[in-house]
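Engineer: My structure is below; once you've seen it, I'll send some questions.
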Amino acid sequence: MRDVRPGRVIAWTLLFLGGVLMVMPIVLMLSTSLKTSDQIYDLRIIPASPTLANYVSVLTSSEFIRWFVNSTVVAVISTASNVFFGGLVGYTLAKFDFRGRYIVFLAILSTLMIPTEMLVVPWYLMASQFGWLDSYWGIMFPGMMEAFGVFLMKQFFETVPDDFLEAARVDGMNEFTIWWRVAMPLVTPAISAMAIFTFLGNWTAFFWPLIVTTSQDLYTLPVGLSSFAVRQTVQWEMIMTGASLATLPTLVVFLLLQRYIVRGVMLAGLKG
């Protein structure tokens, strides 16, 4: 009891209340997904007669499966592209001394200050000129390489000892092989952190996929679920059921890579 201090009690109480506030929307989402349409406005967290009929209806719907596949394709390809190109550019900026290197780096960082809403019109014009409207490429190309990934990878590559790279050059490796086989394995926390951020960002993206797609076959999950709210009646139970299923992949990814993402964010903050 001597270790119990008023400040510590207040801190833990505030953390507990904050945790409850963060978890309550998820609890309400799961609760609503187990209700029928007649029970939607029943505020009880545990439904009077919970049912899995909503999950059966959603999972047997070909539209939801198609939207799930679309989101998976977009998120996985965008994540792989960000890891590859972000790592390549970050390694170049960190380990090669060439004229204008810092200007290039500052130019890349400056794009982080541009709101996404200002980029929608140029993106749309580009997609239209290249014939990418209502296509996978149209959805993916704005997020296939991001400035944050370049910044994060550059910060980590600067911590890689040059002696390792010089030893690889002495062994006859070319620069691409050195980057791929020597440098990349040494920055696994950064790769994991960038991968999970990119995956979550593309998985939950709504604004741009809504603009660039017109056919339901190319809807991603956020856009597809929103279509339940623009029909004759708002099907809240279906929206919450779809949202619950859409949350599962993000939880799995986070749980698998949690220790990497925490370590990556901590080291990136210390390095920055």
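The rows are residues; the columns are (1) among the hydrophobic types (A, V, I, L, M, F, W, C); (2) modelled with pLDDT of 90 or more; (3) more than 22 Å from Thr247 (Cβ to Cβ).
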residue: Gly7; (1), (2), (3): no, no, yes
residue: Leu17; (1), (2), (3): yes, yes, yes
residue: Leu21; (1), (2), (3): yes, yes, no
residue: Pro25; (1), (2), (3): no, no, no
residue: Thr36; (1), (2), (3): no, no, no
residue: Gln39; (1), (2), (3): no, no, no
residue: Arg44; (1), (2), (3): no, no, no
residue: Ala53; (1), (2), (3): yes, no, no
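Engineer: Could you give every pair whose Cβ atoms fall below 8 Å, whose first residue belongs to the range 143-171 and is in the same structural domain as Phe197 (by TED's automatic domain parsing) and within 16 Å of Met184 (Cβ to Cβ), and whose second residue is buried (at least 18 other Cβ atoms within 10 Å of the Cβ) and among the basic types (Lys, Arg), counting only separations of at least 6 or pairs across chains?
Structural biologist: Partner pairs satisfying both residue conditions: none exist.
Engineer: Gly172 - would you say it is within 23 Å of Ala80 (Cα to Cα) and not polar (S, T, N, Q)?
Structural biologist: No, not satisfied.
Engineer: Within the set of pairs 6 or more residues apart or between chains, which connect a residue that is more than 22 Å from Pro249 (Cβ to Cβ) inside the range 183-198 to a residue that is surrounded by fewer than 21 Cβ atoms within 10 Å (Cβ to Cβ) and of a type in the set (Lys, Arg) with Cβ atoms less than 8 Å apart?
Structural biologist: Ala183/Lys95
Engineer: Name the one entry in Ser192, Ser226 that is more than 16 Å from Leu88 (Cα to Cα), assigned to a helix (DSSP H, G or I) and not hydrophobic (A, V, I, L, M, F, W, C).
Structural biologist: Just one listed residue meets the conditions, Ser226.
Engineer: Of everything in the range 178-196 that's surrounded by 13 or more Cβ atoms within 10 Å (Cβ to Cβ) and not aliphatic (A, V, I, L, M), which residue is nearest to the chain's Cα centre (by Cα)?
Structural biologist: It comes out as Ser192.
Engineer: Here are some residues: Leu267, Leu200, Leu255, Leu210. Which one is farther than 18 Å from Arg66 by Cβ, surrounded by fewer than 19 Cβ atoms within 10 Å (Cβ to Cβ), aliphatic (A, V, I, L, M) and modelled with pLDDT of 85 or more?
Structural biologist: Leu200
Engineer: Something else: For the condition touching a Leu at 6+ places or on another chain (Cβ under 8 Å) and of a type outside the set (Val, Ile, Thr), what is the one hit in Asn54, Asn82?
Structural biologist: The unique qualifying residue is Asn54.
The values are calculated or read from the model by the stated rules, or taken from the named source; none is laboratory data. Just so you know, these numbers come straight off a predicted model, no measurement behind them. Quick reminder, even Gly has a Cβ in these numbers, built from the backbone with ideal geometry, and neighbours come from all protein chains shown.
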